[in-house]
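Just so it is clear, none of the values below were taken in a lab; they were calculated from the coordinates. In this text the structure is predicted, and so the values were computed from the model without any measurement.
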Amino acid sequence: MKRKFGSVTVECVLGDITEQPDVDAVVNAANARLETGGGVAGAIHRAAGPGLAAEARPLGPIRPGEAVITGGHGLPNGFVIHALGPVYGQDRPEEELLAACYRNSLALADENGAASVAFPAISTGIFGYPVEEAAEVALRTVRDEAGDLRNVRLIRFVLFGQKDLEAHERALATRS
Ligand code: ADP
C-alpha cells in the first residue's frame, strides 16, 4: 500500500529490512551501544559485516530518540541510520521518544542526500511497544515531516509479519 504526501511517497511492505537494495538508507532499531544484538540490529549487523560495528560503536552510546548515521558496508544501501527507540513502559514519554526516532532518522537521511529510506517498526520487538500504537506514532510523524524534506522522496516501512503490516496500513490509510 502507498500514499503520496506532497512529493513524498509513503509505503508499507512485508519484508526484511536487509533486503531493500533499491533504497539509499536503511534504519536500524539499534541498541544504545550501537552493537550487534537480536532482532533488526542482529540482522543488519550480520548482513553488513564487522565493519559496521567498527564504524558505529565510537558514535555511541546514544539515548532513546537519538539517531546516528554510518555507511552501509556489506549491505546494498549507502547508509545505515541507527535509531534507539524507547523501551515501552520505561523510557518516557515513550510517544515523543518514538516520534523523535523517526524525525531524527529522516533528518539525517535528508541531510546526507538520501532519496529513499526504509524503516522497521522501531521499538515493537524486544522493546515491547504495542504495534498498533507504534504504527500511529510512526505514520503521523513521517507525514508531518514529509513537507520539510528536500531530498527524501520515498519512505518505506518494511514489516516483518502480516499483523505488523496491517497495523501500519491502517495507520497510513487513516492519515488525512
Ligand atoms: P526494538 O528493540 O526496537 O524493539 P527489534 O529489532 O526487537 O527492535 O524489533 C523491531 C521490529 O522489527 C519487530 O517488529 C520485529 O519483528 C521486526 N524485525 C525483526 N527482524 C527484522 C528484519 N530483518 N527486517 C524487518 N523487520 C524485522
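Using alpha carbon coordinates only, what is the Rg to Rh ratio of the range 2-79, with Rh defined as the Kirkwood radius? Write out the running numbers ahead of the final one.
Working: Rg = 13.4 Å, Rh = 13.4 Å.
Using only Cα positions, Rg/Rh for the range 2-79 is 1.00.
For the range 75-176, what percent of Cα pairs sit more than 20 Å apart? Please report the intermediate quantities before stating the final value.
Details: 1837 of 5151 pairs.
Value for the range 75-176 (Cα pairs over 20 Å): 36 percent.
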| field | From phi via Karplus (6.51, -1.76, 1.60), per-residue ³J(HN,Hα) for the range 17-33 in Hz, x at Gly/Pro | value | 5, 7, 10, 10, x, 8, 10, 6, 9, 10, 9, 9, 7, 7, 9, 4, 8
| task | Calculate one ³J(HN,Hα) per residue across the range 61-66 by plugging θ = phi - 60° into the Karplus curve 6.51 cos²θ - 1.76 cosθ + 1.60, and present them in order as whole Hz with x for glycine and proline. | result | x, 10, 9, x, x, 8
| said: Using a Gaussian network model on the chain with a 10 Å cutoff between Cα atoms, which of Leu34, Leu59, Leu106 fluctuates the most? | reply: Leu59
| Across 10 Å bins from the origin, how do the percents of Cα pairs in the chain run, short distances first? | 11, 44, 38, 7, 0
| remark: Long-range amide H partners of Phe157, meaning residues 5 or more apart or on another chain whose placed amide H is closer than 5 Å, are Glu11, Cys12, Val13, Phe119
| What share of the DSSP beta bridges in the chain is antiparallel, in percent to the nearest 5? | 35 percent
| message | Please list, ordered by chain and number, the residues whose modelled amide H lies under 5 Å from the amide H of Asn28; skip anything fewer than 5 residues away on the same chain. | response | Ile81, His82, Ala83
| task | Apply the Karplus parameterisation 6.51 cos²θ - 1.76 cosθ + 1.60, with θ equal to phi minus 60°, to every residue of the range 152-159 and state each ³J(HN,Hα) to the nearest whole Hz, in sequence, with x for glycine and proline. | result | 6, 10, 9, 10, 10, 8, 9, 9
